[in-house]
Amino acid sequence: MDIQDAIQLISHPHFTTKNKNVWLDLGCGTGTFTLALANILEAGSTIHAVDFNSSALEKIPDTYKGISITKQTADFIKSDLSVTKFDGILMANSLHYVKEKEIFLNKLKSYLADTACFLVIEYDSNASNSWVPYPIDFQSLNRLFSDSGYKTITKLHTRPSIYGKRQIYAALIQS
């Protein structure tokens, strides 16, 4: 997926980044969705990009279209991150690496500002494989976040995956 495809997947009238200027991108990889998010954030915003692969992080620029991007090499599941309060958390194709999702979401609550949101991109499937060990389809994601106290879970867009017959969805989760 290229940046333009990623922008289309996450852009939606329900997803506003107004007053949401500090983001945490967990499992950012080489930054496709990091840069897609940077395209729609207000100038002067900051994205903290986290991935265990330092070589992938090196491919992400330090600034992009007026957005500051800080990078941290860490296993976002196991590590305590050196973070502050965030207005949003982006997890693009990374939540499927988390086995204990409820415990993980409770851990993330300490990183969030009161009006923070999640932006999740995942495969709409519950069939695991070696690349997607703990998948979460949209229905399961909706239940997970609802059970964790989030009130609004909106599917933004879907698109066919290049891997098999699955769909990829983008979801916005708000308190």
Quiz prompt | Positions within segment 80-103 being part of a loop (DSSP other than H, G, I, E, B), at pLDDT 95 or above and β-branched (Val, Ile, Thr), in sequence order | solution = VAL98
Practice problem: Return yes or no: is ALA6 assigned to a helix (DSSP H, G or I) and aliphatic (A, V, I, L, M)? | Solution: yes
Practice problem: Answer with yes or no whether GLN174 is surrounded by 12 or more Cβ atoms within 10 Å (Cβ to Cβ), over 16 Å from the mean Cα position of the chain (by Cα) and in contact (Cβ under 8 Å) with a residue 24 or more places away in the chain. | Solution: no
Quiz prompt | Flag if LYS78 is touching a helix residue (DSSP H, G or I) at 6+ places or on another chain (Cβ under 8 Å) and of a type in the set (Lys, Arg) | solution = no
Self-check item: segment 59-109 - residue that is without any contact (Cβ under 8 Å) to a residue 40 or more places away in the chain and aliphatic (A, V, I, L, M) and, of those, surrounded by the fewest Cβ atoms within 10 Å (Cβ to Cβ)
Solution: ILE103
Self-check item: Search result, residues across segment 21-47 that are over 14 Å from the mean Cα position of the chain (by Cα) and touching a residue at least 60 places away in the same chain (Cβ under 8 Å)
Solution: ASN21
Quiz item: Among the residues of segment 101-115, is any under 13 Å from the mean Cα position of the chain (by Cα) and within 13 Å of LEU26 (Cα to Cα)?
Solution: yes
Quiz item: In segment 20-54, which residues are within 16 Å of ALA6 (Cα to Cα), touching a strand residue (DSSP E or B) at 6+ places or on another chain (Cβ under 8 Å) and hydroxyl-bearing (Ser, Thr, Tyr)?
Solution: THR32, THR34
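The values are calculated or read from the model by the stated rules, or taken from the named source; none is laboratory data. Because the structure is predicted, anything quoted here is derived from the model rather than measured. Reconstructed Cβ throughout: ideal geometry from the backbone, glycine too, with neighbour counts over all protein chains shown.
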